[in-house]
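The values are calculated or read from the model by the stated rules, or taken from the named source; none is laboratory data. All values reported here derive from a predicted model rather than from experimental measurement. Reconstructed Cβ throughout: ideal geometry from the backbone, glycine too, with neighbour counts over all protein chains shown. Remember, those area values only see protein heavy atoms, side chains included, never the ligands or the DNA or RNA. Shrake-Rupley method; radii C 1.70, N 1.55, O 1.52, S 1.80 Å.
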Amino acid sequence: MARFLRMRTVRMGAAEGNNGKGAVPQAEVAGIGQHGYTANCGGNRQGDNNDAILSLDGAVMTIDEIVARLDVKSFFTKHGVIITKDKNTNCEGSCPFCRDESHFSFNRQNGKWKCWKCGESGGVSGFLQKLLGCTSQEAKKILQKEAGIIEDKIVPFQQKKTSNKAPNRSAAKEIDRPIVSRIYTRVCELLPLTDIHRQQLKKKRGFTDELIDELMFRSLGPHAAALKSKLAQEFAEEDLLESGVLVKTPGSGQVIMNSQLLEDNILIPYLDAKGSKSEERSRSLDGGEGDRSDAKEGKSEERFRPLDGSGGTFPDAGGSKTPARPTPLDGGKHVYYIRPHKLGFEKIAPQIYCRYFLQTLPPEHVMLTEGEFKAAALWQWRIPAIAVPGVSSFGAKHLEKLVTFFREFGVKKVTVIFDNEIKDNPEYPNYKPKASDRYDTQLWSYLMAYKLGREGFDAKVGRLPDEWRERGKIDFDGALAQGRTREEILQVVSRAKPPREFLEDLDEEARRIVQRKISQHFTRLNIRREFNRYVVTRYRGGETYEETISNFVINIKSSFFTPEGVLRNIQLVNEYGETSDTFVLEPSDMAGLNEFKKFCFAAGNYIFEGRGEDLVNTWKLEFARDSGELIIMPEKIGMVKKKMWMFGTVAVKNKNEVFRPDNTGAFWIDNKGYKPRSLTVERKE
């Protein structure tokens, strides 16, 4: 261990020296944690260790000492990081700077962080300075307060007890209090729908006025700021904060309107025709929290007026009057959640849209799609449907919620239909340069139907016709705007296929990538990639512990299929994000532990300290992740397969299709690479 840590210090000094920044003290570069060494995040560090704070007795407190008293995980979640993976000492989640959803990492012990997408990094002080635009002194005061160091009086720090219980991987809370539903309902009563947004819903989505009014879409924007004072007259501040309508600003703790409600956007109410079970219980009781809002209510007609007090107009951001439709909720509807289009309140668990559809027309067969407007379009055709705002979430950690929802309404059959979109053509908006990023819709369509099938539902996967696409995409609301009929949609539903058949019908590239990701999804190994290192979970004496076994990870760039076997082009990435050259890795270097260690040393300062079984699991992990190019290297030139000829600078298919090689010498024909043997990288002696 000591040898490895010494190597890290020298390596970091060299790396920083190459950048012209000089060496960085090891205490800042890498925190030493319970299992030896923890993540370095590198990069910008704005006053994380050099500034100090005086405690009451005059002793100098460094930032590191403040961080020792700080709940680091709570600190990052409070300041906008949505955690997607909680791995004991390290967490991964969304980046508050570039808005990437999964490449932000931080160390729970020392607060070092880095976004592997945008490259920003540093410590907790630098994080606050960049996020809030504050000075280092202001950042220190915020950290002081959040660490329990109030007015230079240090609150005694108590070491948290370790627990064998699995960590809670989601900071999101379920909505289980009736008062929150009443707040959402009141918000929808107070907000209008502007004519601009109404016309957008009609022209872009194909919605009728009747559907728009039935589903109570509302307009957000600067005018929603008036909600704060109105709601404060009727609800307790703590309830408004719990609902997400109000939030506290980081540092100062000032209570303000959620900024999502102030953007020019459409608000989507999640409707419940009967009210939640907790709401019904609340109405049957006398007093209690259910009466909080009623005690502050005025006359009923005033409750249903827009915020400016008028009967049918609403001030927009420019102060002009915009006609607004009547705002009262009709038919006893309740709102159990509100979601600004494509957004969502932090720390509130995502909900299913929406109960109202299945309450109004109880079905045995339901369409499952992604996005509220898709389900609304199906409802206009009076086809029972629900939508999930994030299929990957409901296909994994929230699957149980979806299953419970279906069983509550007696659903027996589910047809999964998501968007049909071209992602391999740069002329279209959602073009994905990497083939591995193009087929997530097909992946989650399969996974959702497969998992629902395991839960006892008759689940199939459908697909909207390719010929309906406009600008490379078609979805249900797009089809409604085109004038497609209910009968046409039902024909699409009738052609849905079981998950396995759906998978087999994908084209070759899509099937290969989807099958690989399915394998990765269900693979459960005791090894993982973390901060560009391999970390294994071990068991000893009934206890679990983690051990880091490398200072790098492997990226498989491409695989060459030759008559002698498969050669792989790989690249090594160390814990500081530095990449090696691309090397050809032969099977003999992969199979043996000593051979692989020698290969790593020959490639540079790369160390693998795992066991033989760790190496096998490493390859299992990387093969499951591998979405690199597949390149076939025929043993001859000329006719390499039926109706296809290949030479050094040209390839011909069907006598009339001519192909030229890319800059690596490979010909790409039908999404498959071919490379003449004469142009291959020389194999090492």
request  = Filter the range 453-484 for residues that are farther than 13 Å from residue 417 by Cβ, in contact (Cβ under 8 Å) with a residue 60 or more places away in the chain and touching a helix residue (DSSP H, G or I) at 6+ places or on another chain (Cβ under 9 Å) and give the result.
outcome  = 480, 481, 482
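Can you name the helices (runs of 4 or more DSSP H) wholly within the range 473-551 that have at least 3 residues being aliphatic (A, V, I, L, M)?
Working: elements: 476-482, 486-494, 499-504, 508-522.
The qualifying helices (runs of 4 or more DSSP H) are 476-482, 486-494, 508-522.
Specify the residue that is modelled with the highest pLDDT; the eligible residues are those in the range 551-597 that are of a type in the set (Ser, Thr, Tyr) and in contact with a helix residue (DSSP H, G or I) (Cβ under 9 Å, 6 or more places away or on another chain).
Restricting to residues being of a type in the set (Ser, Thr, Tyr) and in contact with a helix residue (DSSP H, G or I) (Cβ under 9 Å, 6 or more places away or on another chain), the top hit is 580.
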message = If I ask for residues that are at pLDDT below 95, open to solvent by 10 Å² or more (accessible area, probe 1.4 Å) and not in a loop (DSSP other than H, G, I, E, B), which ones from the range 266-287 would you list?
response = 277, 278, 280, 281, 282, 283
task = Examine the range 351-366 for a residue that is in contact with a Lys or Arg (Cβ under 9 Å, 6 or more places away or on another chain), without any contact (Cβ under 8 Å) to a residue 60 or more places away in the chain, crowded, with 22+ Cβ neighbours inside 10 Å and not in a loop (DSSP other than H, G, I, E, B), and state whether such a residue exists.
result = yes
query = Residues in the range 198-207: is at least one open to solvent by less than 30 Å² (accessible area, probe 1.4 Å) and modelled with pLDDT under 90?
reply = no
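Residues are listed down the side, and each one gets a yes or a no for (1) at positive phi; (2) of a type in the set (A, V, I, L, M, F, W, C); (3) touching a strand residue (DSSP E or B) at 6+ places or on another chain (Cβ under 6 Å); (4) crowded, with 16+ Cβ neighbours inside 10 Å:
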{"residue": "454", "(1), (2), (3), (4)": "no, no, no, no"}
{"residue": "483", "(1), (2), (3), (4)": "yes, no, no, no"}
{"residue": "491", "(1), (2), (3), (4)": "no, no, no, no"}
{"residue": "512", "(1), (2), (3), (4)": "no, no, no, yes"}
{"residue": "516", "(1), (2), (3), (4)": "no, no, no, yes"}
{"residue": "533", "(1), (2), (3), (4)": "no, no, yes, yes"}
ask   = Tell me, which strands (runs of 3 or more DSSP E) lie completely within the range 65-131 with 3 or more residues that are of a type outside the set (Ser, Thr, Tyr) and out of contact with any Phe, Trp or Tyr (no Cβ under 9 Å at 6 or more places or on another chain)?
value = 83-87
key: Cβ pairs under 8 Å, 6+ apart, first in the range 541-552 and open to solvent by less than 80 Å² (accessible area, probe 1.4 Å), second part of a loop (DSSP other than H, G, I, E, B) and of a type in the set (Phe, Trp, Tyr)   = 548/37; 550/606; 551/606; 552/606
inquiry  = If the requirement is being assigned to a loop (DSSP other than H, G, I, E, B), under 16 Å from residue 367 (Cα atoms) and out of contact with any His (no Cβ under 9 Å at 6 or more places or on another chain), which of these qualifies: 464, 452?
reply    = 464
ask   = Taking the range 493-510 on its own, how many of its residues are open to solvent by less than 40 Å² (accessible area, probe 1.4 Å) and either small (Gly, Ala, Ser) or modelled with pLDDT under 90 (or both)?
value = 3
query = Looking only at residues in the range 233-256 that are more than 27 Å from the chain's Cα centre (by Cα) and hydrophobic (A, V, I, L, M, F, W, C), which one is surrounded by the most Cβ atoms within 10 Å (Cβ to Cβ)?
reply = 235
note = Contact list, first residue from the range 70-86 and modelled with pLDDT of 85 or more and crowded, with 16+ Cβ neighbours inside 10 Å, second anywhere and part of a loop (DSSP other than H, G, I, E, B) and among the charged types (D, E, K, R), beta-carbon distance below 7 Å, six or more apart or interchain, is 72/108; 73/108
note = Of those in the range 89-104 that are buried (at least 17 other Cβ atoms within 10 Å of the Cβ) and more than 13 Å from the chain's Cα centre (by Cα), the residue modelled with the lowest pLDDT is 89
key: Any strands (runs of 3 or more DSSP E) falling wholly within the range 584-654 and containing at least 3 residues that are within 30 Å of residue 519 (Cα to Cα)   = 629-632
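Suppose we filter the range 425-439 for residues that are open to solvent by less than 60 Å² (accessible area, probe 1.4 Å), in a helix (DSSP H, G or I) and charged (D, E, K, R); how many remain?
Let us first name the residues in the range 425-439 that are open to solvent by less than 60 Å² (accessible area, probe 1.4 Å), namely 425, 435-436, 438-439.
If we keep only those that are in a helix (DSSP H, G or I) as well, we get 435-436.
So of that shortlist, the ones also charged (D, E, K, R) come out as none.
The qualifying residues number 0.
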query = Among all residue pairs at least 6 apart or on different chains, which show Cβ distances below 7 Å where the first residue, located in the range 204-215, is among the basic types (Lys, Arg) and the second is part of a helix (DSSP H, G or I) and at pLDDT 95 or above?
reply = 204/481; 205/373; 205/377; 205/477; 205/480; 205/481
task = Quick one: residue 446 ticks every box in (1) touching a residue at least 60 places away in the same chain (Cβ under 8 Å); (2) touching a Lys or Arg at 6+ places or on another chain (Cβ under 8 Å) except a single one, so which number is it?
result = (2)
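Could you run through the range 367-400 and say how many residues are at negative phi and assigned to a loop (DSSP other than H, G, I, E, B)? Before the answer, list the steps.
Start the filter on the range 367-400 by keeping residues that are at negative phi, which leaves 367-370, 372-381, 383-389, 391-400.
After this cut, where a residue has to be assigned to a loop (DSSP other than H, G, I, E, B) as well, the list is 381, 383-384, 389, 395-398.
Matching residues across the range 367-400 total 8.
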